[in-house]
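Colleague: Before I ask anything, let me first share the structure, which is written out below as structure tokens.
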Number of protein chains: 2
Amino acid sequence: MKKIINDPAAVVAESLRGLAVAHADLLRVRDDPALVVRADAPVAGKVAVVSGGGSGHEPLHGGFVGPGMLDAAVPGPVFTSPTPDAVQAALAATAGPAGALLIVKNYTGDVLNFETAAELAAAEDLDVRSVVIDDDVAVKDSTFTAGRRGVGGTVLLEKITGAAAERGDSLDAVEALARKVIGQVRSIGVALSAPTVPHVGEPSFDLGENEIEFGIGIHGEPGRERIPAEPADALVARMVEAVVSDLPFSSGDKVLLFTNSMGGTPQLELYLAHGIAERLLAERGILVERRLVGPYITSLEMQGISLTLLKLDDELTQLWDAPVRTPALRWGI
Amino acid sequence: MKKIINDPAAVVAESLRGLAVAHADLLRVRDDPALVVRADAPVAGKVAVVSGGGSGHEPLHGGFVGPGMLDAAVPGPVFTSPTPDAVQAALAATAGPAGALLIVKNYTGDVLNFETAAELAAAEDLDVRSVVIDDDVAVKDSTFTAGRRGVGGTVLLEKITGAAAERGDSLDAVEALARKVIGQVRSIGVALSAPTVPHVGEPSFDLGENEIEFGIGIHGEPGRERIPAEPADALVARMVEAVVSDLPFSSGDKVLLFTNSMGGTPQLELYLAHGIAERLLAERGILVERRLVGPYITSLEMQGISLTLLKLDDELTQLWDAPVRTPALRWGI
């Protein structure tokens, strides 16, 4: 294993130190437990939007803390859920009488620990709601998961609910919005190589020189099948078909297309894949009205991409377009 | 070689198609020769800022086209200079009576082809000036280069000159500013792995399991030395020393610190390295007043990072902060 790290056990804490000093205008990093919190938290009268999970998926979640998106992110160790007390500390740092929404990716550890934190917070008379995102169409159950996994849709969910909270929506409204987004977002991922977790020291799985894992999870969990490497046109068509047929998305639907790098894919390939996906969606009569292209939910240095489609309406489009200012997403302010 | 591509010969054209459809609000892509041009070009009365070079370093340069930065980018084949007629076409598409500045990275092919284009444009009474950036402190001469290579400083140079042109500075002023930036920016890079050029099909160089190339170029050209893998603290200290001692930067200097991923480095490691660099600079009394952290000048999927330091004054800080709206850098608008 060759990595730009010191002690593998200190990777997350040391990386958060870099995040803190690079973005002191937007966020604060706290230790014991590790938290990334909006610099101006708690924001009076506002619903707090809080998310978190294992590290190694950066910029998710700490890179999305700031006005118009998350109030706090709770980073666990690499690919490992944060503890309930860490989630509770994030709520204590950000939530007031307006309450808080917890955005939880559907992994057994995350669901359990965020639920426990919500119960502890409720016992202290804080109004906390949780939503679980499970947008990955690849497999029903998987390593670490009962039901579908939460993947790329999480980024869109955090942006849109963050925008609603920022404009002053009530907790009821923000929660309902989150459930609506979860209901109409779907994703699929592929891997060309495996990530190496620092404290493990070797690749998470073996993949042959000419194999692609179709339906990969963001921790390198197995997908639907191993397929032989194929041209981008065929691979992206396979991905588009998996996502479109699931909801399903239909001709005339307006969508946001999110083409995500898993970390190690060159931007040259990422935009190439994005262009193919747009063409295939146009052929199906699906109208791509908004796009996001880049490495926003990663699996360390894994080579691969994911495609996420969100069905848009005027409300979701408006919330997507609303100003946001975070380390990783920024526009309008 | 496993990549998300179709025909290796069509990679750049197909990727540009994806860029065009993803960012139609900002730019247009033209074919034969391939160009990325501001959607609203030519902008009346404004100095055009044009850059380009081999592809494979994305988002450089096409991802920096838009208000406040480049008027056009000229993408060559992967790691190969664009032709003089492509550069000339970019000038024709963007430059008017206010003239144009060509930003050229110091590689023999780029220098020659951009120079030829400038001469052709001058023959048509267009006022074109060229600046050559050579910020890499690693080696004096290298593969493809007489003198120092142009690397990370290019991103800062394009942002700052783009801001000056946008506010209406004359060509004389924009050129003088560019020379000032080039005079006070320095960089160093390291590689942990080699990139694979699509039309070559195998890694550009061999690097042992425990080796790091110190002073790597952005095409994987050799650096100063091969060193054994070492902890991030030691590696970043070696990089900071190389950059700081070169200009040199001194206690009390105000700087912009740009911590760049070469493409395949996880963000977790990138911010970790950034945090170390900030600490080491603080220990030397060097004042980091602005930062940029991310994959902005890459070498396909190469794992590695570079550090760039730019000495700031009020003028440069103001131009750095000025609004910019491009696919890869965006703030203020």
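Each reported figure results from applying straightforward, stated rules to the coordinates on display, with no laboratory input. Note that this is a predicted model, so its numbers are computed, not measured. Cβ: placed from backbone, ideal geometry, glycine included. Neighbour counts: every protein chain shown.
Colleague: A:GLU225: net charge of surrounding residues, Cβ under 12 Å, Lys/Arg +1, Asp/Glu -1, itself excluded? Don't jump to the answer; show the numbers that get you there.
Modeller: Numbers: positive: A:ARG224, A:ARG226, A:ARG238; negative: A:GLU211, A:GLU213.
Taking every other residue near A:GLU225 into account, the sum is +1.
Colleague: Show that you can apply the helix-only estimate: for the protein assembly as shown, add -39,500 (n - 2.57) for every DSSP H stretch of four or more residues, divide by all residues, and state [θ] at 222 nm to the nearest 500. Mind dumping the intermediate values first?
Modeller: Numbers: 16 runs with 208 residues, N = 666.
Mean residue ellipticity, 222 nm, calculated: -10000 deg cm²/dmol.
Colleague: Please find, among residues of chain B, the one with the beta carbon closest to the rotation axis relating it to chain A, distance in whole Å.
Modeller: B:GLY264, 2
Colleague: Same structure again: So what is the relative contact order of the stretch A:185-323, in percent, for Cα pairs below 8 Å that sit 6 or more residues apart? Intermediate results must be reported in sequence, preceding the final value.
Modeller: Working: 274 pairs, mean separation 45.5, N = 139.
After rounding, I find 33 percent.
Colleague: Can I ask one more? Express in nm, to one decimal, how much length is gained between B:ALA173 and B:GLU202 on full extension, taking 0.36 nm for each residue of separation and deducting their alpha carbon distance. Write down the numbers at each step before the final one.
Modeller: Numbers: separation 29, 0.36 × 29 = 10.44 nm, distance 4.49 nm.
Computed gain between B:ALA173 and B:GLU202 is 6.0 nm.
Colleague: Something else now. Which FRET efficiency, nearest 0.05, do B:GLU230 and A:SER251 yield, Cβ-Cβ r, R0 60 Å? Let's see the in-between values first.
Modeller: Details: r = 57 Å, r/R0 = 0.94.
Approximately 0.60, to the nearest 0.05.
Colleague: When chain A is modelled as a GNM with alpha-carbon springs shorter than 10 Å, which of A:GLN318, A:GLN88, A:GLN303 fluctuates the most?
Modeller: Of the options given, A:GLN318 has the highest mean-square fluctuation.
Colleague: How shielded is B:271-284 by partner chains, expressed as the average number of their Cβ atoms within 10 Å of its Cβ atoms?
Modeller: 5
Colleague: Can you list, shortest first and in nm, the gaps between the label point of A:GLU283 and those of its counterparts in the other copies, using a point 7 Å from Cα in the C-beta direction?
Modeller: 5.7
Colleague: Continuing with this model, one more query. Tally Lys and Arg at +1 and Asp and Glu at -1 over the other residues with C-beta under 9 Å from the C-beta of A:VAL324: what net charge comes out?
Modeller: Working: positive: A:LYS159, A:ARG325, A:ARG330; negative: A:GLU166.
For residues surrounding A:VAL324, the net value is +2.
Colleague: Give, as a single signed number, the net charge of other residues whose beta carbon lies under 9 Å from the beta carbon of A:GLY264, with Lys and Arg counted +1 and Asp and Glu -1. Walk me through the numbers before you get to the answer.
Modeller: Working: positive: none; negative: A:GLU301, B:GLU301.
My count for the surroundings of A:GLY264 gives -2.
Colleague: Put a label point 7 Å from Cα along the Cβ direction on B:ARG224, then list its distances to the equivalent points in the other copies in nm, shortest first.
Modeller: 5.1
Colleague: Okay, next question. Please find, in a Gaussian network model of chain A (springs between Cα atoms separated by less than 10 Å), the residue of A:ASP253, A:ASP136, A:ASP314 whose mean-square fluctuation is greatest.
Modeller: Evaluated over chain A, the most mobile residue of the options is A:ASP314.
Colleague: Please tell me the relative contact order of chain A in percent, rounded to the nearest whole number, where contacts are Cα pairs under 8 Å and at least six residues apart.
Modeller: Values: 792 pairs, mean separation 60.3, N = 333.
Averaging sequence separation for qualifying contacts and normalising by length gives 18 percent for chain A.
Colleague: When chain B is treated as a GNM, springs tying every alpha-carbon pair under 10 Å, which of B:GLU289, B:GLU209, B:GLU115 comes out with the largest mean-square fluctuation?
Modeller: B:GLU209
Colleague: Quantify how strongly other chains surround peptide A:62-70 by giving the mean number of their Cβ atoms within 10 Å of each of its Cβ atoms. Please report the intermediate quantities before stating the final value.
Modeller: Details: counts 2, 4, 0, 0, 0, 0, 0, 0, 0.
Averaged over the peptide's residues, the number is 1.
Colleague: Arranged from highest to lowest average of other beta-carbon atoms within 10 Å per residue, in what order do the peptides B:118-124, B:55-61, A:27-33 appear?
Modeller: Output ranking for B:118-124, B:55-61, A:27-33: B:55-61, A:27-33, B:118-124.
Colleague: Still on this structure: Shortest first, in nm, what separates the label point of B:ALA176 from those of the same position in the other copies (7 Å along Cα→Cβ)?
Modeller: 6.2
Colleague: Here's something else I'd like to know. Given the protein assembly as shown, what percent of its DSSP beta bridges are antiparallel, to the nearest 5?
Modeller: Working: 60 of 109 bridges.
Taking every DSSP beta bridge within the protein assembly as shown, about 55 percent pair in antiparallel fashion.
Colleague: Need one value for A:229-239: mean number of C-beta atoms belonging to other chains within 10 Å of its residues' C-beta atoms. Kindly include the intermediate steps, with their values, before the conclusion.
Modeller: Working: counts 4, 2, 5, 8, 4, 1, 3, 2, 0, 0, 0.
Mean partner shielding for this stretch: 3.
Colleague: OK, next. When only Cα pairs under 8 Å and 6 or more residues apart are kept, what is the percent relative contact order across the stretch B:10-183? Present the calculation step by step, with values, prior to reporting the outcome.
Modeller: Working: 374 pairs, mean separation 36.0, N = 174.
Over the stretch B:10-183, the number comes to 21 percent.
Colleague: Follow-up. Work out the FRET efficiency for A:LEU112 and B:ILE333 from their Cβ-Cβ distance, taking R0 = 45 Å, and round it to the nearest 0.05.
Modeller: Plugging the Cβ-Cβ distance into 1/(1 + (r/R0)^6) gives 0.55.
Colleague: Cross-link list A:LYS159/A:LYS254; B:LYS105/B:LYS159; A:LYS46/A:LYS311; B:LYS105/B:LYS140; B:LYS159/B:LYS311: which exceed 23 angstrom alpha carbon to alpha carbon?
Modeller: On the way: A:LYS159/A:LYS254 18 Å; B:LYS105/B:LYS159 15 Å; A:LYS46/A:LYS311 27 Å; B:LYS105/B:LYS140 14 Å; B:LYS159/B:LYS311 15 Å.
Pairs exceeding 23 Å: A:LYS46/A:LYS311.
Colleague: Which percent, nearest 5, of DSSP beta bridges in chain A are antiparallel? Could you put the intermediate results ahead of the total?
Modeller: Details: 30 of 55 bridges.
Within chain A, antiparallel bridges account for around 55 percent of the total.
Colleague: In whole angstrom, how far apart do the alpha carbon centroids of the stretch A:65-89 and the stretch B:67-91 sit?
Modeller: 43 Å
Colleague: Which distance in nm do the two modelled labels at A:GLU283 and B:ASP32 give, with both placed 7 Å along the Cα-to-Cβ direction?
Modeller: Between A:GLU283 and B:ASP32, the label points sit 2.4 nm apart.
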